[in-house]
Structure formats: structure tokens, C-alpha cells
Amino acid sequence: MDLRRQLIILRAWLWLLVASVLLAASSAFLVSGAMPKIYEAENTLIVGQSLTASNPNSDQLLAAQRLSQTYATVVTTRPLAQRVIVRLGLQMTADQLLKEVKAGAPTNSALISITVSDTDPGKAAEIANAFADELVAESPAIQGQQADLQKAIHANLDSTQAEITQTDRKSVV
């Protein structure tokens, strides 16, 4: 008898429950549709020579991990933001730009992650890439900065290896 009475009450007020759910859902849909869409672009850098070193030691890895924390902090400084503004010709202040930028370095990692939020996905990607480029230009310890030096070293190693091979051939004959 008690269950039957509760079902009668539920049936009597069901229309109010359904109307409330529909009203809340439609309000949420309208509000979220009116809000501007925010896009995020992320750029990841590696600090040090962890990828190119054939056998990195623990000191190199530890130094790269510590440097990545420092470089993540450098990303969110006004001077770096100002260089990005000038480079891209943005019409905003460094403080306004820095509100859109987040940088972080995971613990026990030599990676730096730069994330930029903007209403335009292309602009977000452009800003994230500019921050990464400016950080690389500021620090030669970030992977990729010493590409010309690496090419010269590899060319020198190749020529030395060729001379060794040639000398070995002469000594065998």
C-alpha cells in the first residue's frame, strides 16, 4: 500500500521532474553554445642530449631534468613573451599573452611542455611554436640548437673512420 501511494505521487509530479531536466539541459546547451571555443596548442621540447647520446650517464640525465624545470620557468617570463610579441606582431601586452601560456616540466623528465590557449587554433599553434623557438634560441642546451656543430662532428668522424679503414686495408696487404 505504501509503495502504491508513492507511485501515485511520482506520477502526479513526473511532468515537473521531466520539465526541470529539459529546462536544465537546454539552458546548459545554450550557455555552452554562446561561450567562445578555446583551442590549445602544445609544443614539447627535450633538454640536453638524451636522445642523441649513445650512452648518457646519470649526471647528464639529472642535469637535463633540473634544467628542464628552469627552462619551463623561463618560458613564462616577460622578456621571452615580449620577444614572441615582436616576432609575431601581436597586439597585446606581455602580461596578456602570458595569461594564455602555460609551461611545465614533468618530474624526472627532461621534457618541457608549452601549452597555449586561444580562440583561434592557428594562432595558438603559432604562439606555441614561437615560444619554443625563442626558448631554443635563448638556450643552446635544448635539443636541436647545435645541429650545425653536430653535423660538423659527424662529418669529421666519418672522415676519420674512412682514414682508419684505408689504413687497415694498407696494413693487411
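For region 91-122, the set of residues classified as without any contact (Cβ under 8 Å) to a residue 12 or more places away in the chain and of a type in the set (A, V, I, L, M) consists of M92 only. Out of (1) at pLDDT below 85; (2) part of a helix (DSSP H, G or I); (3) surrounded by 15 or more Cβ atoms within 10 Å (Cβ to Cβ); (4) not small (G, A, S), the odd one out for V74 is which? The one condition V74 does not meet is (1).
Restricted to region 93-131, and to residues that are in a helix (DSSP H, G or I) and in contact with a helix residue (DSSP H, G or I) (Cβ under 8 Å, 6 or more places away or on another chain), which residue is surrounded by the fewest Cβ atoms within 10 Å (Cβ to Cβ)?
Let us first name the residues in region 93-131 that are in a helix (DSSP H, G or I), namely 94-98, 121-131.
Next, from what is left, pick out any that are in contact with a helix residue (DSSP H, G or I) (Cβ under 8 Å, 6 or more places away or on another chain): 94-95, 97-98, 126-127, 130-131.
Values: A94: 16, D95: 9, L97: 22, L98: 19, E126: 18, I127: 26, A130: 22, F131: 26.
Selected residue: D95.
What do you reckon, is E163 at pLDDT 90 or above, in a helix (DSSP H, G or I) and open to solvent by 70 Å² or more (accessible area, probe 1.4 Å)? No.
State yes or no: is F29 open to solvent by 50 Å² or more (accessible area, probe 1.4 Å), outside any strand (DSSP E or B) and aromatic (F, W, Y)?
Details: open to solvent by 50 Å² or more (accessible area, probe 1.4 Å): yes; outside any strand (DSSP E or B): yes; aromatic (F, W, Y): yes.
Judged against the criteria, F29 is a match.
Being in contact with a helix residue (DSSP H, G or I) (Cβ under 9 Å, 6 or more places away or on another chain), closer than 20 Å to A132 by Cβ and either open to solvent by 50 Å² or more (accessible area, probe 1.4 Å) or in contact (Cβ under 8 Å) with a residue 24 or more places away in the chain (or both) is a condition met by at least one residue of region 52-59. Looking only at residues in region 132-160 that are at pLDDT below 70 and of a type in the set (V, I, T), the one that is surrounded by the fewest Cβ atoms within 10 Å (Cβ to Cβ) is I153.
The values are calculated or read from the model by the stated rules, or taken from the named source; none is laboratory data. Note that the coordinates shown come from a computational prediction; the quantities given were computed from them, not determined experimentally. A quick note on method: Cβ atoms are made from the backbone with ideal geometry, for glycine too, and the neighbour counts reach across all protein chains shown. Surface accessibility is based on the protein's heavy atoms, side chains included, excluding ligands, DNA and RNA. Shrake-Rupley method; radii C 1.70, N 1.55, O 1.52, S 1.80 Å.
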